[in-house]
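Report on one structure; see the data block that follows.
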Amino acid sequence: MRDPQSLSASPTDGVLNVVVETPAGATNKIKWEPELESFALSRPLPLGMAYPHDWGFVPGTRAEDGDPVDALVLSEGTTYPGLVIPSRPIAVVRLEQNRKKDGGRERNDRIIAVVASAPRQPLRSVADLPPRVREELERFFLNVVFFEDKAPSLLGWGDAGEAWELVRRSPLGHGKE
């Protein structure tokens, strides 16, 4: 299987590729493992939790935590690991967590996006997300790692411009806004 990290982060203006790792409804976290050249089970989620939307990463990026930039795509259909979704960023959830190696803190922001070609998707910005949806997404991001040694802290929300900046400032980022 071709390494999804070799794909372009942004093949055309305004479109951000997201590689699905864990589809909506999954109760296990699935991750791309470069050493295996395959998707693999990372861990089960806490009881009663499931991914609310498609979870994945922006190819060709490297975030502060050493992994590709994370993204959650608000989509209507069924997907599977490895599917590339051309997306449009609408927001960023700013998070801080314990660093894996030295116990310090690091940022682990998550892009919130919609499917670029979804005709029924009216969301254009973070302001279009109802407050209850924003609160549920915040709670998901905090609770999904409750039993991990991450101690996440929510730092607020950013807009689509901040999402593009996150991609641009990643060492491998080469996005076209």
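The values are calculated or read from the model by the stated rules, or taken from the named source; none is laboratory data. These figures come from a predicted structure and were not determined experimentally. Here the Cβ is made from the backbone with ideal geometry for all residues, glycine too, and neighbour counts use every protein chain on show. Side chains are part of the model used for accessible areas, which takes the heavy atoms of the whole protein and leaves out ligands, DNA and RNA. Shrake-Rupley method; radii C 1.70, N 1.55, O 1.52, S 1.80 Å.
The strands (runs of 3 or more DSSP E) found wholly in the range 72-127 and carrying at least 1 residues that are of a type in the set (D, E, K, R), closer than 23 Å to ARG169 by Cα and open to solvent by 50 Å² or more (accessible area, probe 1.4 Å) occupy 84-98, 105-107. Scanning the range 4-14 for residues that are surrounded by fewer than 21 Cβ atoms within 10 Å (Cβ to Cβ) and either under 20 Å from ALA118 (Cα atoms) or not polar (S, T, N, Q) (or both) yields LEU7, PRO11, THR12, ASP13, GLY14. Taking the criterion of being within 26 Å of PRO46 (Cα to Cα) and in a helix (DSSP H, G or I), would at least one residue in the range 142-150 satisfy it? So far as the range 142-150 goes, yes, one or more of its residues are within 26 Å of PRO46 (Cα to Cα) and in a helix (DSSP H, G or I).
Restricting to the range 151-164, what's the tally of residues that are in a strand (DSSP E or B), open to solvent by 30 Å² or more (accessible area, probe 1.4 Å) and in contact with a Lys or Arg (Cβ under 9 Å, 6 or more places away or on another chain)? Write out each step before concluding.
Filtering the range 151-164 down to residues in a strand (DSSP E or B) leaves 153-159.
Adding the requirement that they be open to solvent by 30 Å² or more (accessible area, probe 1.4 Å) leaves 153-155, 157, 159.
Subset that is in contact with a Lys or Arg (Cβ under 9 Å, 6 or more places away or on another chain): 153-155, 157.
Summing the residues that are in a strand (DSSP E or B), open to solvent by 30 Å² or more (accessible area, probe 1.4 Å) and in contact with a Lys or Arg (Cβ under 9 Å, 6 or more places away or on another chain) in the range 151-164 gives 4.
Here VAL133 meets each of (1) touching a Phe, Trp or Tyr at 6+ places or on another chain (Cβ under 9 Å); (2) assigned to a helix (DSSP H, G or I); (3) β-branched (Val, Ile, Thr) with one exception, condition (1). Taking (1) out of contact with any strand residue (DSSP E or B) (no Cβ under 8 Å at 6 or more places or on another chain); (2) crowded, with 20+ Cβ neighbours inside 10 Å in turn, VAL19 satisfies each apart from (1).
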